[in-house]
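**Student:** So that we are looking at the same thing, I have put the structure below in structure tokens.
The values are calculated or read from the model by the stated rules, or taken from the named source; none is laboratory data. Predicted model only: the values in this text are computed from it and were never measured. Counting neighbours? That spans all protein chains shown, and the Cβs are built from the backbone with ideal geometry, glycine included. For accessibility, only protein heavy atoms count, side chains too; no ligands or nucleic acids. Shrake-Rupley method; radii C 1.70, N 1.55, O 1.52, S 1.80 Å.
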Amino acid sequence: LDSMSALHSLERIGYVVAPAVLDPIETASIAEALQAVPIANAGTRNLLDLGWCRALVERIRSVLEIPGVAVQCTLFDKTPERNWLVAFHQDLSIPVRERVEHPELRVWSVKEGQQFVQPPVALLEQLTAVRIHIDDCGPANGPLRLVPASHRNGRLNEFEAKRLRNVAGEVPLSIGQGGALILKPLLLHASSKATSPRHRRVLHFLFGPASIGYGLRWQHAV
């Protein structure tokens, strides 16, 4: 990727596609490692506990020049048995080490043993997500659908989200094995059920600044 062009696209429309981040040997190695990862429902959030996943962070950082530290890696996997969908939404929660009291923090929750909280938009705007595709994902495999530039409108309520989608439309993104989608977590995104379901494994990394304020500390900082 041309780093300046990619950064401009990421800030302007909220996403950019990198078609070849990992080669077939690397994706095959990851697919083998994922066989040992237990999955409930759509996936699991705890992959940064694993050494091979932490090593992959360095590979992503060197190829894509993503700033900050990796704070979470989530596996999403659609299969014939787990052919799920998710409506348009923004990613508003972050994983933190412990719960703290602060007037700007909201909606605390515990997921897979980790504390999550919704921080102010000012912090969410500093985050970047990188989705690494371990399998090909075409139109029949439930690809992500995005509303371009919707990340520039802050935290959206349901009415605002519907209005933006109607005005800006949506873009489905087919991405090949080893490719990556870089996006801003505030970008509206959704995913339909696969019409031809098979493995559609995606590693969703979240990167953020090392220091985040509000009395918070990351659960992981790789």
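**Student:** Considering each residue of the range 198-218, count those that are of a type outside the set (D, E, K, R) and surrounded by fewer than 22 Cβ atoms within 10 Å (Cβ to Cβ), and give that number.
**Tutor:** 11
**Student:** In the range 136-173, which residue that is touching a residue at least 40 places away in the same chain (Cβ under 8 Å), under 22 Å from residue 21 (Cα atoms) and under 16 Å from the mean Cα position of the chain (by Cα) is most open to solvent (accessible area, probe 1.4 Å)?
**Tutor:** 145
**Student:** Sticking with this structure for a sec: Please find, within the range 45-56, the residue that is farthest from residue 221 (Cα to Cα) out of those that are surrounded by fewer than 19 Cβ atoms within 10 Å (Cβ to Cβ) and not charged (D, E, K, R).
**Tutor:** 52
**Student:** Has the range 91-101 got at least one residue that is over 30 Å from residue 31 (Cα atoms), assigned to a helix (DSSP H, G or I) and in contact with a strand residue (DSSP E or B) (Cβ under 8 Å, 6 or more places away or on another chain)?
**Tutor:** No, there is no match, as no residue in the range 91-101 is over 30 Å from residue 31 (Cα atoms), assigned to a helix (DSSP H, G or I) and in contact with a strand residue (DSSP E or B) (Cβ under 8 Å, 6 or more places away or on another chain).
**Student:** Looking only at the range 78-96, which residues are in contact with a His (Cβ under 9 Å, 6 or more places away or on another chain) and either closer than 22 Å to residue 152 by Cα or crowded, with 20+ Cβ neighbours inside 10 Å (or both)?
**Tutor:** 78, 86, 88, 89, 90, 91, 95
**Student:** Please go through the range 2-47 and pick out each residue that is outside any helix (DSSP H, G or I), over 19 Å from the mean Cα position of the chain (by Cα) and touching a residue at least 12 places away in the same chain (Cβ under 8 Å).
**Tutor:** Hit for the range 2-47 is 23, nothing else.
**Student:** Moving on to the next point. When you go through (1) open to solvent by 30 Å² or more (accessible area, probe 1.4 Å); (2) at pLDDT 95 or above; (3) of a type in the set (S, T, N, Q); (4) closer than 28 Å to residue 27 by Cα one by one for residue 109, which number turns out not to apply?
**Tutor:** (4)
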